[in-house]
Amino acid sequence: MSATTTIVTRGDHRVRRSSRRPDPVFLLFLLPALILFTLAITVPGAIGIFFSFTDSIGIGDWHFNGVTNYIAAFSDPAVLSSFAFTFGFALATVLVVNVIAFLLAVGLTSRIRFAVGLRAIFVIPMVVSGLIIAYVFQYLFQNSLPAAGSALGIPFLQESILSNPDLAWIGIVIVTAWQAIPGTLLIYIAGILSIPGDVYEAADIDGASRRQQLLRITLPLVAGYVVINTILGFKNFLNAYDIIIALTNGGPGTATRSIAMTIIRGFQTGDYAYQMAIATLFFFVAIAVAALQLSVTRGKGNS
Amino acid sequence: MSTTHTETIVTAGSTHRSRRRHHRTAWSTTILLIACTLTVLVPLYVTISMAFKTSSQSVDGNAFSLPAPFDISGFVEAWKLTRFPMGFAMSVLVTAGTVVLTILLASWASYAIVRNWDRRLFRWSFFYLLGAMFIPFPVVALPQIQLTGRVGLDNPLGVILLATMFQLSFSVLLFTAFLRSIPLELEESARIDGASTWQTFWRAIFPLLAPMSATVGIFAFLYAWNDFMMPSLIISDADLQTLPVRQNFFQTQFSSNYNIAFASYLMAMAPAIIAYLFSQRWVMAGVTQGAIKG
């Protein structure tokens, strides 16, 4: 709120002086970012969309072929399954990450011992490369978990979950969550610490149990932070690539192939225009998801 | 608002809010949380213990045993096989380049935008730069692979440029939010002293931006140091690859020499973890500030 007012007043302030031309130094400050951004993102984006309407293979001659690529993409089971997998995975991971991070944040902000040390440990995964820790987990999933499954006599754990088409995604959710929880956790801790203490004191006096306080006070008051975490998380998880490469490489078969992997694998086997059509679809879906989430946020902000 | 959160999180090592509520330590929660740290520590322990095993011990399938005997030949082999010094130099180059370029370009652009908000060019530039926040890298990756190849940027420099551009939206958002909270009087006094816009930025604005630059820098560091996807696609010369990409090597060759693979993983992970352990309060405060402003 206060930010908005500042802009408005500063705007007025400026209007009075802006009869003069802007100091050219300001252009010098703005242009490097603008030009590099256009060359690095906008131009490639436009080129990609353009070629999605052609039969280009990346080099040599090409012809326009209208929406052929798009029609092909919509009837390609591999593409449809990669979209379904990516969204299902992103949804499941957002859920797992937020529930665990919220509970950890509640625990870490309660009256515990070693709070600083514990928090420092829980944040470590944030600085570890997803690809590398996924290699470590791959070893554990393929060697240690089946060994434990055999020892305990649990049948579905006796084979590596990564080689089971129905279970491999769970491994990917676990490793992605492992890495994503710290960032989410820090946001929840900030949210919980921003709740004034007297709210809880009043609840104590009214005889509310800890569980009631958690559900009736903490959760509603950090709702805004839940929205932030959901938006940031969903955006990241839609891009899933590194961890999948290390854990399953998209397998078994194509069971865990994300959209990013589909696009890049297709390109590496000489499919350019078709993959650009898929990328363009992905772009619009990502924008739609972002717009949807932002409109939900707006609604929350107004109420 | 967000600064308050950050300060709270920094100062509130053990929360002051609950001190007022319950005066005794919640031991059951403490013990439960300590047990939960195993999910973080066990994978790291496995990495370390596997790395110090002999080749023959590393294939016995027991991930949790201690190395017996203690052996560093895995590190020696990994050092040579992945050409670690070269990979490390490339990772440092890409990370440092991305951090510096992101802070410079984003703070310059944000300063220009905030101080010229009433001018259409600057206002539209803001929304233009911000629009990319939700563009996933895979969407533009293929044309970028081709273009960087064509203009001779299929190397770490190209990765620095592209990584910076993907960090730009978020960083501009953070810097502009922060700049709007800086009172104009501060720089007007510098101007009365006869400083030009350029001098004002470096003398008055850039030092004030330091906490936000730290936040932007931490995010750029974490992204550039750990990313696999972009360098693996953009850098065409395997010898110029960054550390994460070099770990791929063990999936195709030497797949049974786990001690070498894990030694290599450990060497690639350790620098960021050690840097974090020395600056963890600062990193946590920075990330919190960034995430909440964003």
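Every number here is computed from the coordinates shown, using simple stated rules; none is lab data. The model shown is predicted, which means the values in this text are computed figures rather than measured ones. Note: ideal-geometry Cβ built from the backbone for every residue, glycine included; neighbour counts use all protein chains shown.
Things worth noting here:
- Spatially, the range B:96-133 and the range A:231-303 are offset by 26 Å when compared through their Cα centroids.
- Here the translational diffusion coefficient of the range A:75-210 follows from Stokes-Einstein with Rh set to the Kirkwood radius across Cα pairs; for 20 °C and 1.002 mPa s it amounts to 121 µm²/s.
- Relative contact order, percent, the range A:179-264 [alpha-carbon distance under 8 Å, six or more residues apart]: 25 percent
- Set against the 2.2 N^0.38 Å expectation for a compact globular protein, the range B:83-246 has a Cα radius of gyration ratio of 1.17.
- Partner shielding of A:21-28 amounts to 6, given as the average count of beta-carbon atoms from other chains within 10 Å of each residue beta-carbon.
- Taking label points 7 Å from Cα along the Cα-to-Cβ direction, A:ALA255 and A:ARG216 give a separation of 4.6 nm.
- Two-decimal Rg to Rh for the range A:209-259 - Kirkwood Rh, Cα set: 1.30
- Chain B: proportion of alpha-carbon pairs further apart than 35 angstrom, %: 36 percent
- For the range B:83-246, the relative contact order is 44 percent, taking Cα pairs closer than 8 Å that sit 6 or more residues apart in sequence and dividing their mean separation by the residue count.
- Our analysis of the range B:147-224 gives Rg over Rh at 1.13, with the two radii drawn from alpha carbon positions and Rh computed by the Kirkwood formula.
- Projecting the Cα atoms of A:ALA151, B:GLY131, A:GLN212 onto the charge dipole of the protein assembly as shown, computed from C-beta unit charges around the Cα centre, puts A:GLN212 farthest toward the positive end.
- Per residue of peptide B:106-119, the mean number of Cβ atoms on other chains within 10 Å of the residue Cβ is 6.
- Rounded to the nearest angstrom and listed largest first, the equivalent-ellipsoid semi-axes of the range A:110-176 from its Cα gyration tensor are 29, 16, 10.
- Cα pair distances of the range A:18-86 binned at 10 Å [whole percent]: 16, 25, 26, 15, 13, 5, 0
- Computed over the range B:60-122, the P(r) curve from all C-alpha pair distances, binned at 10 Å from the origin, holds 16, 21, 19, 16, 13, 10, 5 percent per bin.
- Selection from A:GLY224, B:VAL42, B:ALA272, by position along the positive dipole direction of the protein assembly as shown (Cβ): A:GLY224
- Calculated FRET efficiency, A:SER150 to B:LEU66, Cβ-Cβ distance, R0 = 22 Å: about 0.45 to the nearest 0.05.
- The range A:69-302: Cα Rg divided by the 2.2 N^0.38 Å rule of thumb: 1.19
- Computed FRET value (nearest 0.05) for A:ILE57 with B:THR252, which takes r as the C-beta separation and R₀ as 30 Å: 0.65
- Whole-angstrom gap from the range A:59-81 to the range B:234-271, using each part's C-alpha centre: 35 Å
- Ranking of A:VAL222, A:VAL25 by count of other Cβ atoms within 10 Å, fewest first: A:VAL25, A:VAL222
- Simple Cβ-charge dipole of the range A:69-302, Lys/Arg +1 and Asp/Glu -1, about Cα centre, in debye nearest 20: 360 debye
- The tail of the calculated P(r) for the range A:219-303, taken as Cα-Cα distances beyond 17 Å, holds 59 percent of the pairs.
- A simple spin-label model places the labels of B:VAL151 and A:LEU31 1.6 nm from each other, with each point 7 Å out along Cα-to-Cβ.
- The order of A:TRP62, A:TRP169, going from fewest to most other C-beta atoms within 10 Å of their C-beta, is A:TRP62, A:TRP169.
- Distant-in-sequence amide contacts of A:THR54, defined by a placed amide H-H separation under 5 Å and a gap of 5 or more residues or a different chain, comprise A:ASN65.
- Evaluated over the range A:159-258, the Cα radius of gyration and Dmax, each in Å: 19.1, 59
- Residues A:ILE278, A:ILE205, A:ILE154 arranged by fewest to most Cβ contacts within 10 Å: A:ILE205, A:ILE154, A:ILE278
- Charge dipole of chain B (Cα centre as origin; +1 on each Lys and Arg Cβ, -1 on each Asp and Glu Cβ, all else neutral): 920 debye, rounded to the nearest 20.
- Each residue of the range A:125-139 was assigned a 3J(HN,Hα) from its phi angle through the Karplus expression (A = 6.51, B = -1.76, C = 1.60, θ = phi - 60°), giving x, 4, 9, 9, 4, x, 4, 5, 5, 5, 5, 5, 5, 4, 4 Hz with x at Gly and Pro.
- Relative contact order %, chain A, counting alpha carbon pairs below 8 Å whose residues are six or more apart: 28 percent
- Between 0 and 90 degrees, the angle of helix B:27-51 with respect to the longest Cα principal axis of chain B falls at about 70 degrees.
- Put the Cα centre of the range A:99-147 next to the Cα centre of the range B:188-231 and the gap is 32 Å.
- Label-to-label distance, A:ALA46 versus A:ALA202, with points set 7 angstrom from Cα along the beta-carbon direction: 5.6 nm.
- With viscosity 0.692 mPa s and temperature 37 °C, the Kirkwood radius over alpha carbon pairs of the protein assembly as shown converts through Stokes-Einstein to a diffusion coefficient of 127 µm²/s.
- Restricted to Cα atoms, the range B:152-274 shows a radius of gyration and a Dmax of 20.7, 70 angstrom.
- Test item: B:274-280 mean partner chain Cβ contacts at 10 Å: 3
- Listed residues B:THR215, B:THR102, B:THR197, most fluctuating in chain B (Gaussian network, C-alpha, under 10 Å): B:THR197
- Here the 3J(HN,Hα) profile of the range B:171-176, calculated from phi with Karplus coefficients 6.51, -1.76 and 1.60 at θ = phi - 60°, is 5, 5, 4, 5, 5, 5 Hz, Gly and Pro shown as x.
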